[in-house]
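What follows is a set of notes on a single structure, which appears directly below.
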Amino acid sequence: MDTVTTNSKHPKGLWVLFGTEMWERFNFYGMRALLTLFMVNSLLIKEADAAIIYGGFLALCYLTPLLGGFIADKYIGNRNAILAGGSLMALGQLLLFFSASTFSSDLGSAKGLMWLALFIIIFGNGFFKPNISSMVGSLYPKQEKSKLDSAFTIFYMGINIGAFLGQFICPYVGDVKDADGVRDIFAFKWGFLAASIAMMIGTVTFFFFKNKYVVTPEGRPIGGLPKNNTKDDFEEGESQTAKFSGQNMGIAGLLFVALFFVFRYILVNEIGFSSVGMGQLIKGLIYPFIYAAGISLAFLIMSSAENKVERQRIWVIYIVSFFIIFFWAAFEQAGSSLTFIADNQTDRSIFGWDMPPSMVQIFNGLFVVLLALPFSLLWDKLRAQGKEPVSPLKQAIGLALIALSYLIIAYNVKDLGNSGLLAIKWLILLYLIQTMGELCLSPIGLSLVGKLAPKRFASLLYGVFFISNAAGYALAGSLGAIIPATGDKFAKAEKLGINLQDVLDKKVTLSAEQVALFEKEQIPVANTSFAGIEIHNLFEFFMVFVVLCGIASVILAILSPRLKKMMHGVN
C-alpha cells in the first residue's frame, strides 16, 4: 500500500494554464463559428469548397503542433512557444477582421487576407497547443499521477468555458440578421475582432503569472529553455533526449513522399498537379500531406523506442489515435455541414428568439461545462470501486454515442421533404449526446498520452495524437462537402422556375444558361456521392456517420482487452 500522503487540491499552476487555454479557445471557437458562413456569404465561396477549406484549416491547426512541439522540446521551451503562439493567433484574427472589413471594395485582396490570416493562425496554434497540454502533467509529483484524469478534465472544462463564451459572443456580434431574415454580411468583422482581443488577454495572463505558479512541486519552472532541464525532469532510468538515426530519418522521409502521392491519387484521382479548383487544391495537397506526415512520423518515433514495454505503449497511442479519426470526422461537422443545415433548414426559434445559425454550436461548449465535473466524479467513483473502464473502452463508448446522435437526427430529417424545417431541439439533443461522447474520448485521450508517452518525446507524441485529430478534420472536410441540397437551394431553384428535384433525379436537362445561373446561385446540378454511393438526401448523409462511427466503436471495444495488456499497468 502507498503510504505517501497526497494533496487533494490541484496546484495553482493548473488554474493559470486553465485561464490561458480558456481565452485561446474563446478566440479559436469564436472565429470557427463564423468562418464558413463568412466564406460563403461575404467572400462568395461555394459551400462544398468552404467545407473542404474549413476541414483543411482545422487539420493543419492540429498538424503544426508537431513542428511547435519539436521546436519547443529542442530549442525554445514550452513557455516561449505559448507566448509566440498566442501573439501569432491574435495577429491572425486581426487580419480576418481586415478581410471582413474590405471584401466589398476589393474581393480579391480580402480573400488573400483571409488565406494569410488562416496561415498565421495555423502556425500560432502549432506553437500554442502541444506545449500547454504537455505542461499539465509536470505540475504533479510522481505519486499523484493518478490525478491526471481529473486534472485534464478540469483543464478540458477551461477549454469549453472558452469555447462557450467564444461561440456566444462572436456570433452575437458577428452573425446578424434583420427582421426579414436578411444577413448583414458586414457584421462578421466584429466577431473576428472579439476573437483577437480574447487571445491578447490569454497571452498577457500567461506572461504575468507563469513564473509564480507554473512550477513543479519542488518549485522549478516548468517549460523553460530545454538546455536548463535537469535529470529530475525525467523518469528514473529514462533517456533524456530522443535520438533518431540518420537512416531512420531517411526512411521516414521516403515513406512520407511515397504516401503523399498514394493519398493524393486516392483523394483526387491524380498524381500530377493539373487540378486548380480551390477545394480540389486543398483536398489534393493538404489532406495527403496530413495523412502521410502522421504515418511517417509514427514510424520515426517507433524506431527510437528503447524496449518492448515502451514500444507496446506507443502502439496503444497509435491504435487509439487511429480510431479517434472517425470520431472527429463526425464531430467536426459542427462548423460546416451542421452550420449550413442550421442556417438553411432549421427552425431556430427559442422562446420567440431566432438564434443565429453560427451560435447553434454553443450547446456543445455549454454541455461540456455542465457535464465535465459529473463525468470526472463518475470516473473517480468507478476507479474507487475498481470498475473504471480502461481508456480505449471509454473511447469506444464515445464513438458509439456519436453514432447514436446521428441516427436520431437522421430519422428526424427523413420526412422533412425539400422544404420542411428541422426543429432546433433535435440539433440540441445531437450536441448533448455528442458532448457525452466527447467527454468519454477527448480528455481521456490527452491523459492517456500523458501517462504512456516516454518523456523525451512527450510533446512529439502529443503531436501524433493531434495528427489523428488533424486526419479526422481532413476527413470531416471531405464528408462535409458531400452534404446534399438543403431547403434553401430548392427554394432558389423554384424562383428561377425550375424544379431542383427533377434536375437531381435527371428528369430534366438544363441549358448552358441555366447551368451558369445555378452556378452563380450556388445551386447543385447533381447529387453528391461517398465511396461510390450517391447521396440523395439528408437522411442518407447522416447515415454515413452512423455507419463509420458505429463500426469503429465495435472494433475498438473488441480490441480493448488486448490494448489493456499492452499498456503494462497504466490504466
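The values are calculated or read from the model by the stated rules, or taken from the named source; none is laboratory data. All of these numbers come straight from a predicted model, not from anything done at the bench. Note that we place each Cβ from the backbone using ideal geometry, even for glycine, and neighbour counts take in every protein chain shown. Keep in mind that these areas ignore ligands, DNA and RNA; they rest on the heavy atoms of the full protein, side chains included. Shrake-Rupley method; radii C 1.70, N 1.55, O 1.52, S 1.80 Å.
Counting charges near PHE209 (Lys, Arg +1; Asp, Glu -1) among other residues having Cβ under 14 Å from its Cβ returns a value of +3. Protein heavy-atom surface of the range 281-320, 1.4 angstrom probe: 67% of the accessible area is carbon and sulfur, with nucleic acids and ligands not counted. Using C-alpha pairs under 8 Å with a sequence gap of at least 6, the mean separation divided by the residue count of the chain gives a relative contact order of 22 percent.
If you model the range 116-172 as an ellipsoid using its alpha carbon gyration tensor, with each semi-axis the square root of five times an eigenvalue, the axes come out at 28, 17, 5 Å, biggest first.
Taking every alpha-carbon pair within the range 25-89, the share separated by more than 20 Å comes to 42 percent. Between ALA258 and THR509, the modelled labels are 4.7 nm apart [label points 7 Å from Cα along Cα→Cβ].
Using the Cα coordinates of the range 463-571, the gyration tensor eigenvalues translate into equivalent-ellipsoid semi-axes of 43, 14, 10 Å, sorted from longest to shortest.
Surface exposure of the chain, expressed per residue as accessible area with a 1.4 Å probe, stands at 41 Å². With both labels modelled 7 Å from their Cα along Cα-to-Cβ, the LYS308 to VAL570 distance reads 1.8 nm. Taking R0 as 41 Å, what's the FRET efficiency between LEU496 and ALA423 from their Cβ-Cβ distance, rounded to 0.05? The pair LEU496/ALA423 has a calculated efficiency of 0.90. Per-residue ellipticity at 222 nm, computed for the chain from helices alone with -39500 (n - 2.57) per DSSP H run of at least four residues, works out to -24000 deg cm²/dmol.
For the Cα trace of the range 47-177, dividing Rg by the Kirkwood Rh returns an Rg/Rh value of 1.05. Rg/Rh for the range 259-311 stands at 1.22; both radii use Cα atoms, and Rh follows the Kirkwood definition.
The radius of gyration of the Cα set in the range 324-437, together with its Dmax, comes out at 16.1, 53 angstrom. Using only alpha-carbon positions in the range 1-111, the gyration tensor eigenvalues give semi-axes of 38, 16, 15 Å once each is multiplied by 5 and square-rooted (largest first). Using the structure shown, select from LYS394/LYS455; LYS283/LYS414; LYS129/LYS455; LYS12/LYS147 the pairs with a Cα to Cα distance greater than 19 angstrom. Distance filter (> 19 Å) returns LYS394/LYS455; LYS283/LYS414.
Just the number, please: carbon plus sulfur as a percent of the accessible area of the range 445-520, 1.4 Å probe, no ligands or DNA/RNA counted.
Details: 1500 of 2770 Å².
After summing per-atom areas, the C and S share lands at 54 percent.
Computed with every protein chain present, the accessible area of VAL136 is close to 0 Å² [probe 1.4 Å]. With all pairs of separate Cα atoms included, the range 411-520 yields a Kirkwood hydrodynamic radius of 18.4 Å.
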